[in-house]
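Read the structure below first, then the notes.
Here, each number is a calculation from the coordinates, and none is a lab measurement. Everything quoted here is computed from the prediction, not taken from an experiment. We place every Cβ from the backbone using ideal geometry, glycine too, and count neighbours over all the protein chains shown.
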Amino acid sequence: MQSAGKLSFGDAQTLFVADWKGARIFALQVPAPAAPAGKPFNLMDVQAPIAKALGVAPSALRFEDLAVQPGSELAYVALTVRGAHGKGKPAIVSIDAAGKVRRLDLAKASGSAAITDAPTADVTFWRDLPQQTLTVTDMRYYQNKLYVAGLSNRSFASTLRVYDYPFSGKASATTVEMYHPVHNQIETRAPIRSMTVMTLGGEPTLVAAYTCTPLVTIPLKDLKDGAHIAARTVGELGWGSAPNGLVSFKVGDAEYALLVNSSRSADLLSAADLAGAAAAPGLNTPIDWPAKPYLGVKAVMAPLSAVMRIDNLNPQLLLALRRSDAGGEMQLVSIPKGGYLRLSDFVNEYDFPDYRYPDGDKFRDFHKYARTIEGYPELAR
């Protein structure tokens, strides 16, 4: 394995790893999940213990992706360990809520599959970013198939590949275009950056986000080898940002998708609204830039602008990889679904020692719960 980029779990013991340098998808067998510890993550500096486990300086680490092992509440993190002259080596570690780090042996892959149409090595963006780094931009496993978004070596570069698993041969490849309301053009090169699989109107569907930030839907049945398809643009979520992760989950009886972004707050979208948008004609008109940045399906703002990667930890909690604003430490922390924030990130009226909640205060129970899971049970009142 020459690089470790995007991660995605298949079953609980199979971790897929995208190797953009080697143009392969690897399947790593990981230990069976132990019973979940049931503890939230409050690791305010994961860079130091990971660096210690790898025997390198914390500054040598570049964080690539995060995936939570189903049923274990154990986080897996892909990294690049930077060396001299810009050279980097891949590493993957597991880390639990107590901060215990274990390095995976990347030589023990149980199988792999080639990416036969990967971009060439001679093209860069902004002088120093190889186009090959976008060979795989996201992966999702659904019903014995691995869906892989990224770039190909075609002039029509935006591609969705589908691998059967266990790996049995060459992937099918579908080229994808979409209408971008900010740019007011059909785009065929820019790849999907984050995606999830949801059932919309009874149809298994990819919900996917691009840079700057159109949201599209693609029925899985439309992904056929050699086909060229137009994704349905169902929303424009704002300009000047890139998706950092897209997850779906249930809160009570309702299902949601949550998109975290590089340069602004997160977007919370209901499955009901997405299904309605997917059944309607797609967007085909530009936004009024910059005064009216949004169009189409409605999203609710969630205060998660510092999040770099996100996954489901369990039915109640998300797990976020983020960087501290104050000191720059890389953190691995739990965030409650339904609240979408950590109270300890702020100081407000509720936090003063002499504050007393009025009878019937609608936030009191949530504050008590959040303070407890964030590691401040003595402040729960």
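For region 241-381, treating each Cα as an identical point scatterer without solvent, what Debye log10 I(q)/I(0) comes out at q = 0.17, 0.19, 0.21 1/Å?
One equal scatterer on each Cα of region 241-381 leads to -1.06, -1.21, -1.35.
With 31 Å as the limit, write out which pairs from Lys6/Lys52; Lys6/Lys170; Lys21/Lys100; Lys100/Lys250; Lys170/Lys337; Lys39/Lys224 have Cα-Cα distances beyond it, or answer none.
Flagged as over cut-off: Lys170/Lys337; Lys39/Lys224.
Sort largest first and round to whole Å: the equivalent ellipsoid semi-axes of region 82-187, each the square root of five times a Cα gyration tensor eigenvalue.
28, 21, 16
Across 5 Å bins from the origin, how do the percents of Cα pairs in region 73-134 run, short distances first?
Percent of pairs per bin, in order: 4, 12, 14, 19, 20, 15, 10, 5, 1.
Would you list the P(r) distribution for the chain, with all Cα-Cα distances sorted into 20 Å bins from 0 and each bin expressed as a whole %?
Values per bin, smallest distances first: 28, 59, 13, 0.
Could you work out, for region 115-305, what percent of all Cα-Cα pairs fall into each 5 Å distance bin, beginning at 0 Å and stopping at the bin that holds the largest distance?
Pairs per bin, as whole percents: 1, 8, 16, 21, 21, 16, 10, 5, 1, 0, 0.
I need the semi-axes of the equivalent ellipsoid of region 1-85: take the C-alpha gyration tensor, multiply each eigenvalue by 5, square-root it, list largest first in whole angstrom.
23, 19, 9
Along the charge dipole of the chain, which of Trp126, Ala291, Tyr350 sits closest to the positive end, that is, farthest toward it, with unit charges on the beta carbon of Lys, Arg, Asp and Glu (+1, +1, -1, -1)?
Trp126
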